[in-house]
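These notes concern the structure reproduced below.
Every number here is computed from the coordinates shown, using simple stated rules; none is lab data. Small disclaimer: the values here were computed from a predicted structure and weren't measured. Cβ: placed from backbone, ideal geometry, glycine included. Neighbour counts: every protein chain shown.
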Amino acid sequence: MDSILVSGGGELNGQIPIAGAKNACLTLMPATLLSEEPLTLTNAPRLSDIKTMTELLQSLGAEVTSLQDGQVLAMSSHDINNHTADYDIVRKMRASILVLGPMLARDGHAVVSLPGGCAIGARPVDLHLKALEALGAELELKDGYVHAKAPGGLKGGTVDFPLVSVGATENVLMAATLAKGTTVINNAAREPEIVDLADCLRKMGAQIDGDGTSTITVQGVDRLHGATHPVVTDRIELGTYMLAPAICGGEVELLGGRLNLVGAFCEKLDAAGISVEETDKGLKVARRNGRISAVDVVTEPFPGFPTDLQAQMMALLCTANGTSVLEEKIFENRFMHAPELIRMGAQIDVHGGTATVTGVDRLKGAPVMATDLRASVSLILAGLAAEGETVVSRVYHLDRGYEHVVGKLSGVGAKIERIKGQ
C-alpha cells in the first residue's frame, strides 16, 4: 500500500492549477442517463472516484470514453440495458446513489444498492428516497437494495427537505426534469455544484429556476437532448491548496480559483492573518506577517464554512497563536484526523462535535494514518509545516479526491514524494 513522505520546513512559492470539482463531476455524469443523446463534460478531474462512476455507468449500458488525458468525458446512454446498480461497485462510493433518480425518471424502474464511501458518519439515504416518493416513486428496501418503480412515470410534486442535503437535492433535481408537471424543492442545497448541475441540465433542455437559492422549481419536459458542459472549479481542492502557503509561508497563486466559491472560508483566512487576492488567473494567497491568529470555525451548508475543509483548517490552526474552537455540524465522527495530528505534537481536545485546538510553536514529523479523504490531505499539510519527516499511510483515500498531489505541491517547492507499497 502506497504512502506519502513529507519533509517539512520550507516556504512555498509559485502556481498550482485547480482541477474541476469531484463532487460536481460525480453528479454531472449520471445526468447522461436522462437522455439518449451524448453528454460531454470538459475540465473533468482525474480521480479514482471518477473511474468508479465510469465503471458504474458502463455497467448500466452507458458508453463512457475518456479523452484528452482524462479531462474530457464523452458519454452516451442511448442503450441502457441494465437497471441494477450492483453492490460491488456502489459500495466504493456514496455518489453512486445519484443514478437512482435519472434511471427512474427515464425508464420508470431501477434497483440500486445502498452506497458506501468515507466512514464519516451515518449519512443515510432516506432523504433521497422520501424526495423521490414525493414525485410518485414506489420504493422498497430489500436485501440491501433500493427497488424503485414509477409505472406511469414520475409526476411533479412538492419536496420539503427537513434538513439540507446536497446529494438528495441533486437526485430529485435530475428526476424532476422528466417528471410530468411542476416540482418545487424546498430547503434545497445551495452549493455551487447544484448550480453547475442545473446549468448542465438547462443546456440539455431542462426548465429549472431558483438554483443557488433554497427553493428550486422544475417544469418537467418530455425529453432532454445532448450537451457539452465544463465542470466547475473544485472549491475544496482550491481551499486545500490555499492553506498550503498559509501553513508554510510563501506566496502561491491558485489558477482557476474564484472568491465566490470560497467566501466563508476566505473570511476565516482573513481573520487568521492570511491575505487572499484576486488575479486575472485566479487567487493569490500569502501570510500577512508572522504567526497566524487563532479563529473559531463552525461548519455549515453553503454558503457557510465547508465541512470538507474542516480537517485542513484544523491542521493550520494547530500552529496558530492562541486557542481555536472547531464545531462540526454537518457530519458526526469527522474528527478522526485529530489523534493523528496529536501524534505530530498538536494540542487538540475533542468532545462530541467540538474540537478545541491550542496552537503550538511547531509540529513534529511522525508516521500517521489517513482515515478518510479530507483527513489524508490535512496530514500532508501538517507535514509541510512540521520539523522532520512525516509519513502518511493509507493514501488510497487521497486518490479519490485529489489529482497529482505530489506533483502540484512539489511544483511550488514542497519536499514531498510518493512511496510505492510492496
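Once both axes come from the Cα atoms, what is the angle between helix 48-59 and the longest principal axis of the chain, in degrees from 0 to 90, rounded to 10?
Between helix and principal axis, roughly 10 degrees.
Please report the spacing between the Cα centers of the stretch 188-247 and the stretch 363-398 in Å, no decimals.
Each part reduced to its Cα centre gives a spacing of 31 Å.
Would you list, by chain and number, the lysines whose Cα falls below 28 Å from the Cα of LYS203, excluding same-chain residues fewer than 8 positions away?
Hits, sequence-local ones excluded: LYS22, LYS51, LYS130, LYS149, LYS155, LYS180, LYS281.
In what sequence, highest mean first, do 81-90, 16-25, 361-370 appear when ranked by Cβ atoms within 10 angstrom?
16-25, 361-370, 81-90
GNM on the chain, C-alpha springs below 10 Å: top fluctuator among GLY152, GLY401, GLY256?
GLY152
Return the FRET efficiency for the residue pair ASN82, ASN13: r is the Cβ-Cβ distance, R0 is 60 Å, and the value is rounded to the nearest 0.05.
According to the calculation, E is roughly 0.75.
Considering the zone a paramagnetic label at ILE419 would reach in this model (a point 7 Å from Cα along the Cα-to-Cβ line), which residues of the stretch 367-396 have amide N under 13 Å from it?
367-369, 389-395
Go ahead and estimate [θ] at 222 nm for the chain from helices alone: -39,500 (n - 2.57) per DSSP H run with n ≥ 4, summed, over the residue count, rounded to 500.
Helices in the chain give a 222 nm mean residue ellipticity of -8000 deg cm²/dmol.
Cut-off under 13 Å on the C-alpha distance; same-chain residues fewer than 8 positions from LYS364 excluded. Which aspartates and glutamates are left, in chain and number order?
Within the straight-line limit of under 13 Å, LYS364 reaches these aspartates and glutamates: GLU340, GLU387, GLU389.
Go through 230-236, 125-131 and give me the packing order, highest mean Cβ count within 10 Å leading.
230-236, 125-131
May I ask for the angle, rounded to the nearest 10°, between helix 373-385 and the longest principal axis of the chain, with both axes built from Cα atoms and the value confined to 0 to 90°?
Tilt relative to the chain: about 20 degrees.
Quick one: give the max-minus-min coordinate of the C-alpha atoms of the chain along each principal axis, largest first, in Å.
65, 46, 40
Express in nm, to one decimal, how much length is gained between ASN186 and SER66 on full extension, taking 0.36 nm for each residue of separation and deducting their alpha carbon distance.
Length difference between fully extended and current span is 39.6 nm.
Could you work out which residue, out of LEU100, LEU224, LEU384, moves most in a Gaussian network model of the chain, that is, has the largest mean-square fluctuation with Cα springs under 10 Å?
LEU224
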